[in-house]
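We did not get these values from a lab; they are worked out from the coordinates using the rules stated. Owing to the predicted nature of the structure, the values given are computational and were not obtained by experimental measurement.
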Ligand SMILES: C[S@@+](CC[C@H](N)C(=O)[O-])C[C@H]1O[C@@H](n2cnc3c(N)ncnc32)[C@H](O)[C@@H]1O
């Protein structure tokens, strides 16, 4: 594959100047195919269980216990295990971001630039259902993709917002234990995967990205509690967007210090001398703490390339209080409709704490927010917890998100298929199924993992698998 000619010449000249004798191996790697990698969904199964199911040879990612790389020829994007979200397809170097963020169950975590959800799904797994993950995406269409990915992942303690960093900083100053900024960047680490990233690259774009990153980081800093962590990441090699952004941030935010990141196999230190690249002002001595950041290079490890810096805010203290989500008491008739669906079918109690959101006329969406959920009134909110379903004219219709966060054995009526089973394949194609059994909602599952809902009448199961997920 001769991609060399398609790489921007100015990019090559910059990288040659930066990398010196390491430039040829770097360039050689950029002209190889990307390394496929997956991250196991530990909300659904353990790594050991996945290893037992996996049809592929897997090589562990040293910095991420749930991550594995695979042979370059394997296609993992279309397998049924991917459809049912047993794993996320993610570049191994991108896995370093949530791994170094290291959220603890019970914490409040904000992923500020979150779509399509690579880092958010990872953070949700590390939180293990305890605490709150606020996943934010500024672009409306991309916020919807993020919501759907988190729902498929089975994340229940998650809010999805479609806001600007400034508005969130105004609303919740000091309210988070950890804030992740996986910044929009010039994407040089995507060059192997993505023709478009190469097409859009220019030196002016790099400088524009750096400016935007500094603004985002300034808002992000305000959201961190005293003693909390701020994690900054890009998938680009450009010093202006990496050491350059962090050096300026540390100079203008003396209440933050850069923490030395763990040195996993293949991790390279940040480069203090690159902070003002290409020309450092004479009166500026490099900040040695920048070496605590991590550079992941494609010629040094199995991954596409990333930069990660973990910073800590001075002081110590709990996250600032926020106004809690405003719960509702269901009208008796709505409660009865919800119970009529839930009690005979689902073997765990109906959540007590519920939120309602009117949709079209006579239609209300019902969600179960996490214990410590904030009120999001006035913010563009795509999801406020676990979406259970919709109440419509006295009936309850379950959501796909409800199915995906249950364990199959919790559902009394189900059609369980082994991998490759004909009924499950037909279901995922959107077909109606013939399957005798009692009338009512039925869960379709593969290897005991939920796929989606059907509704059976007279032995015929009508398909409720989301149209956007159906096989073509
Ligand atoms: C690198 S991508 C995030 C990838 C994501 N974290 C993941 O792992 O799947 C950066 C995101 O930042 C968003 N973005 C663009 N401009 C922004 C801004 N001014 N403030 C916040 N986010 C922005 C983009 O829409 C994009 O989704």
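Tabulated results
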{"read-out": "Fraction of the pair-distance distribution of the range 133-250 above 19 Å, Cα-Cα pairs, percent", "value": "54"}
{"read-out": "Computed [θ] at 222 nm, helices only, for the chain once each DSSP H run of length n ≥ 4 contributes -39500 (n - 2.57)", "value": "-8000 deg cm²/dmol"}
{"read-out": "Contact order relative to length of the range 407-472, as percent, for alpha carbon pairs under 8 angstrom and 6 or more apart", "value": "34"}
{"read-out": "Overall Cα dimensions of the chain, principal axis frame, Å, largest first", "value": "79, 51, 36"}
{"read-out": "Acute angle (nearest 10 degrees) that the helix 332-345 long axis makes with the longest principal axis of the chain, alpha-carbon atoms", "value": "90"}
{"read-out": "Counting all C-alpha pairs of the range 1-116, share separated by more than 17 Å (%)", "value": "66"}
{"read-out": "When the convex hull of its Cα atoms is projected in every direction, mean area for the range 323-403 (nm²)", "value": "5.5"}
{"read-out": "The range 407-472, Cα convex hull volume normalised per residue, Å³", "value": "73"}
{"read-out": "Kirkwood-Stokes translational diffusion coefficient of the range 239-391, alpha-carbon pairs, 20 °C, 1.002 mPa s, µm²/s", "value": "106"}
{"read-out": "Relative contact order [Cα under 8 Å, 6+ residues apart], the chain, whole percent", "value": "13"}
{"read-out": "On Cα atoms only, tilt of 203-222 relative to the major axis of the chain in degrees", "value": "60"}
